[in-house]
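For reference, the structure is listed below as structure tokens.
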Amino acid sequence: MTDSEFRIAVFAGDGIGLEITEPCRALVEEALAKAGAPRIAWVPLPAGAGAYVAMGEALPKSSLAEARKADAILLAAMGDPSVRYPDGTEIMPQVDLRMEFGLYAGVRPVHSIAGVRGPLGDPRGQQLDFVLIRESTEGLFAHFRDGEEEPDGSAAHDRLTITRKGSERVIDFAFRLAAQRKRDGCRGHLTCVDKANAFKSYAFFRRVFDERAAGFPDIATARIYVDAMAMEMVRRPWTYDVLVTENIFGDILSDLGAGLMGGLGFAPSADIGDEHAVFQPCHGTAPDIAGKGLANPTAMFLSGAMMLDWLGETHGSRETVAAGRLIRDAVDRAFAPGTLVPHELGGTAGTRAITDAVMGGLG
């Protein structure tokens, strides 16, 4: 970052990612201007299924080098079910970025949006505010391209790995987040989600959790098995503050959390490491609606707000944090009346209508 500018690498990727990137850039720029925050120099970079078809690389080395130099990375969506590697797996450069940059903390907020009704009948289900922290470099994803199938086709094998280093750093991240939220008026509570009753790797994860908890005596803790957690996220999700879990469990539970908010179109995320961070909506490329103007850009907008929060906190810029808050408030204002209903919820609002409403909500 210079004194007046952040350098942001942008991966529009594939499908609806190409449609929601520009509206997000415009919204972020407007919010920064209103908050008197540093400007952004955008660096668009190729990656994804389209890049693989055109260039033979899903994540070109030149794109990776530019992303490494950036202050943050904004990613829309990558992949296409019809474009696969020779082994039959899909193009997933977003996972490669996590591994390459050590983005071990997957941050998945579950925060209700005013005017967007989730599936829970209890009024408390419309006022959710908790965060799932997903370890993003280990677990089953540690070897996600190393699986093997028996030559006779009788079986296939994948390997799960949980290390002390990986567990300590993501658990500490979750404890620090719980402490920060406590200062902001939340409960200051962290729940470890695992399957420690059945697998040594998860018992190990829980043991590391217990060890690290001793360093955060002001944060209350709990432990729960992942199957019970899935039930609790439907039964009484408003009782939780921060959750921390292994990669594949976090992958599944974060989509459940998105469903509680109203759908993937409302669910932002971040993958954060010690030096780099990627911000992206939880949804995919949605090839079935790509090019039709139906994509809901809200999750992309909120991911942009998370990026501004992180940039502001990392670089000590209160104005940049304020810009992130402006975007979140604008989203609430746009949806609060209940008349802006995206296509995936049965409404008619597409990308342009939602963008205009949120932009207008900046005030």
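Rule-based calculations on the coordinates, nothing more; no lab input. Note that the structure is a prediction, hence the values are computed from the model and not measured. Quick reminder, even Gly has a Cβ in these numbers, built from the backbone with ideal geometry, and neighbours come from all protein chains shown.
Some points to look at:
- Dipole-positive endmost among T339, A322, T298 within the range 276-363 (Cβ charges, Cα centre): T339
- Ranked by the mean number of other Cβ atoms within 10 Å of their residues, highest first, the peptides 235-242, 101-108, 311-318, 279-286 come out as 279-286, 101-108, 235-242, 311-318.
- Distance in nm between pseudo-label sites at K292 and D87 (7 Å out along the Cβ direction from Cα): 3.4 nm
- Modelled FRET efficiency - R0 51 Å, R39 with A220, Cβ distances, 0.05 increments: 0.80
- The distance linking the range 303-336 with the range 56-78 is 23 Å (Cα centroid to Cα centroid, whole angstrom).
- Of the peptides 329-341, 145-157, the ranking by mean beta-carbon count within 10 Å, highest at the top, reads 329-341, 145-157.
- Length released on extending from K200 to E319, taking residue separation times 0.36 nm less the Cα-Cα span: 38.2 nm
- Look at the dipole of the range 1-52 built from charges on Cβ: of S4, L27, G17, the Cα furthest out on the positive end belongs to S4.
- By the helix-only formula, in which each DSSP H run with n ≥ 4 contributes -39500 (n - 2.57) and the sum is divided by residues, the chain has a 222 nm mean residue ellipticity of -13000 deg cm²/dmol.
- Short-range pairs are left out: with C-alpha atoms under 8 Å and at least six residues apart, the relative contact order of the range 154-213 is 38 percent.
- Taking Cα centre as origin and charging only the Cβ of basic (Lys, Arg, +1) and acidic (Asp, Glu, -1) residues, the dipole magnitude of the chain rounds to 1120 debye.
- For the pair E100 and I252 in one chain, pulling the backbone fully straight at 0.36 nm per residue adds 52.5 nm over the alpha carbon distance.
- Note on the chain: Cα-Cα pairs beyond 40 Å make up 10% of the total pair count.
- If only the Cβ of Lys and Arg carry +1 and only the Cβ of Asp and Glu carry -1, the dipole of the range 70-206 around its Cα centre is close to 1080 debye.
- Under Stokes-Einstein, with the Kirkwood radius over Cα pairs as Rh, the value for the range 227-333 at 4 °C and 1.567 mPa s is 84 µm²/s.
- Whole-number percent relative contact order across the chain, with pairs defined as alpha carbons under 8 Å at least 6 apart: 22 percent
- Note on the range 198-221 and the range 125-193: Cα centroid distance 13 Å, given to the nearest whole angstrom.
- Theoretical FRET efficiency, 1/(1+(r/R0)^6), r = Cβ-Cβ of R124 and M55, R0 45 Å, to 0.05: 0.35
- Student exercise, the range 222-302 dipole from Lys, Arg, Asp, Glu Cβ charges, in Debye to nearest 20: 380 debye
- For the range 43-92, the relative contact order works out to 35 percent when only alpha carbon pairs closer than 8 Å and six or more residues apart are counted.
- Using bins of 10 Å that start at zero, the share of Cα-Cα pairs per bin across the range 1-132 amounts to 11, 31, 33, 20, 5, 0, in whole %.
- Pairwise FRET efficiency - E232 versus R159, Cβ, R0 = 35 Å, nearest 0.05: 0.75
- Neighbour net charge for P237 - beta-carbon separation under 12 angstrom, K R +1, D E -1: -1
- Considering only the chain, percent of DSSP beta bridges that pair antiparallel, nearest 5: 40 percent
- Placing a label point 7 Å from the Cα of K69 along the Cα-to-Cβ direction, none of the residues of the range 255-278 has a backbone N under 13 Å of that point.
- Positive end of the dipole of the range 74-155 (Cβ unit charges, origin at the Cα centre): among I113, V83, P93, the Cα lying farthest that way belongs to I113.
- Packing-based ranking, highest mean first, of 80-89, 215-224 given that Cβ atoms within 10 Å are counted: 215-224, 80-89
- Counted by Cβ distance under 13 Å from P23, the other residues give a net charge of -3, where Lys and Arg count +1 and Asp and Glu count -1.
- Around R164: net Lys/Arg minus Asp/Glu count, Cβ-Cβ under 10 Å: +1
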